[in-house]
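So the structure is just underneath, and the comments pick up after that.
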Amino acid sequence: MLQSIENRLQSLPAKPGVYLMKNAECEIIYIGKAKSLNKRVRNYFDGREKNAHRIAMFMLPHIADIEWIITESEAEALILEANLINKHLPHYNIRQKDNKHYPYLVLTIAEKFPRLKISRKVQDDKNLYFGPLVNSRHTWLLLELIPKLFKLRDCNTTFPYTKRKRPCLNFHIGRCHAPCVKKIDEEIYQKSVQETRMLLEGRSSDIVAQWEKEMQLAADEMRFEEASKLRDQIQAVQSAFAEQSTDAANVDLSLDVIAICKAKELATVVIIEYRNGILYNRRYFNLENELGMQAPEILTEFLSRWYLSVKKEEMPREIALEISLDEEQEVFEELLARKAGYKVTVAIPQLGKKVGFLQIAKANAEMLLVELQTKKTKYEEINRSIFELQKELKLSSPPFCIECFDISHLSGTNPVASMVRFVNGSPSKKAYRKYIVKRAMGGDDYGGMREVIMRRLTRLQKESEELPDLLVVDGGKGQVEAAFATLRELGLSDIPLIGLAKRQEKIYFPGSKPSVMLKKSNPALQLLQRVRDEAHRFAVKFQRDNRKSGV
């Protein structure tokens, strides 16, 4: 052991607090909390810590210094630990992998006339985010139901707006209040916004009760057409939420059901949320557990960080676990109470419906773990050029799934498009798609690119299919900007997008980011060329076949 580490161990106080282990470059590689800093940190070095063998193999050789922060209690240490881990994301702590293919519904209350849209990313923009939504059928049911009931706009209009003189088609078919042409007062529009929020928060019974009163009043005053509309709205909401209302009989139920499934260095956590007696949300998390921590330790660290990030009004009153948190449970309950402002009960149900809820959560966690293990097993089979491409494009994650689009036509006639998909660096021909360009005519490559990308991604969203890790378009700056406009419209602007132009083989990015050129020998460029050339070949062949068949 280094003399400097030995000296630090001698100085450790027998008080609660948080310890930070650093490497030779002064980077924090692990953060932990302790009831007694002296006892806990020493355990790492004398072999008494759980999983001592894995810790000695992976982490101890990299520890060059130890710092600590003393706290008044173990509960304060738990809160500080969670905040510091979220800030520094140390290598050897539990690492959470985002499930980016799950969408959120966003109610844009930061805008003058709010709208409802889909987003793959939660941003700090003062809007309301609901999700992630893993039940695709219910998501699309809401997206279909809400415009009919509440008539919120779905356009990108920025207010005040003075250009439009007539309302769009959505107003005429009863799906928008048309605030852009002042067809509705802002106060009345906000009532629709509040009712939309209630529905998304799972308070459908409150909306129905409110509408029943309004319907009765309208009937008493002989406003039968208005009463009829309210009756239809009530029936639509009751029908949409009939399946969910059977999930829990207690309408006051505010419960999070949590299950974990672990295998060596991998783990999955599922949180199923019940609010107002109905299933309100499901959350899925993939975790990397390099030090082989046990399930109670993983849950304590992960859930502490999770509930510190949850808004106060979204905190449950009960949490059902399948396993005990051991000696950490009392400290965890204290953390929850501080955040919520009321007591949050943490228990392991033995009887009743909550046991069934836990079984559902456990089955989901096991399924996700199998998927995670399968991906991990195939990791070594991946073409290494993918990681070179990640480095050159400065992507946050490797582009395991790449989709490329190309437009083909003959002097503006017979416009078609192709989409090819490469998985792990190799073509996945069963996923190739052909498109006849329907709207953009006369050699409008930009319009054609917008159309086919819109069709492709809308289909993936509707069917809850996994989105590509990287989008490539065959072309330069114009094609890239056309594609990016579509991504913004769909709320998918976080999907990486590039264009690869022929001849100079320049790589173009959306916005003001400058283009780059890679060496011809670079594996990343060679992979992009294979993808681009395959999309071009597939589009040209389809275009020729179409002309021959007279389509």
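Numerical summary
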read-out	value
Per principal axis, descending, Cα span of the range 378-519 in whole Å	45, 35, 27
Label-point separation, His172 to Met367 (7 Å along Cα→Cβ), nm	4.4
Difference of contour (0.36 nm per residue) and Cα-Cα distance, Gln216 to Glu314	32.0 nm
Potential extension, Phe387-Ser512 segment - 0.36 nm per residue separation minus Cα distance	42.5 nm
Chain lengthening between Arg338 and Glu465 when straightened (0.36 nm per residue, less Cα-Cα)	41.8 nm
FRET efficiency estimate (nearest 0.05) - Cβ-Cβ, Asn424 to Arg544, R0 35 angstrom	0.70
Gap separating the Cα centres of the range 507-537 and the range 77-93, nearest whole Å	38
Cβ-Cβ FRET estimate between Lys353 and Ala263, R0 fixed at 41 Å, reported to 0.05	0.90
Equivalent-ellipsoid semi-axes of the chain, from the Cα gyration tensor, Å, largest first	44, 38, 20
Check: the chain dipole with +1 on Lys, Arg Cβ and -1 on Asp, Glu Cβ, in debye	2680
Label-to-label distance, nm, for residues given as Arg231 and Asp185 (7 Å Cα→Cβ offset)	2.8
Whether the range 104-244 is rounded, prolate or oblate, judged on the alpha carbon gyration tensor where a/c under 1.5 counts as rounded	oblate
Kyte-Doolittle mean at least -1.0 and Cα axial length at least 20 Å: DSSP H helices in the chain	74-88, 136-150, 186-200, 204-220, 224-240, 295-309, 353-377, 445-462
For the range 341-350, Karplus couplings with θ = phi - 60° (6.51, -1.76, 1.60), whole Hz, Gly/Pro x	x, 8, 5, 10, 7, 10, 8, 10, x, 10
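Every number in this text was worked out from the coordinates using simple rules, so none of it is lab data. All figures in this text were calculated on a predicted structure; none of them were measured in a lab. Neighbour counts are summed over all protein chains in view; Cβ atoms, including those assigned to glycine, are modelled from backbone coordinates with ideal geometry.
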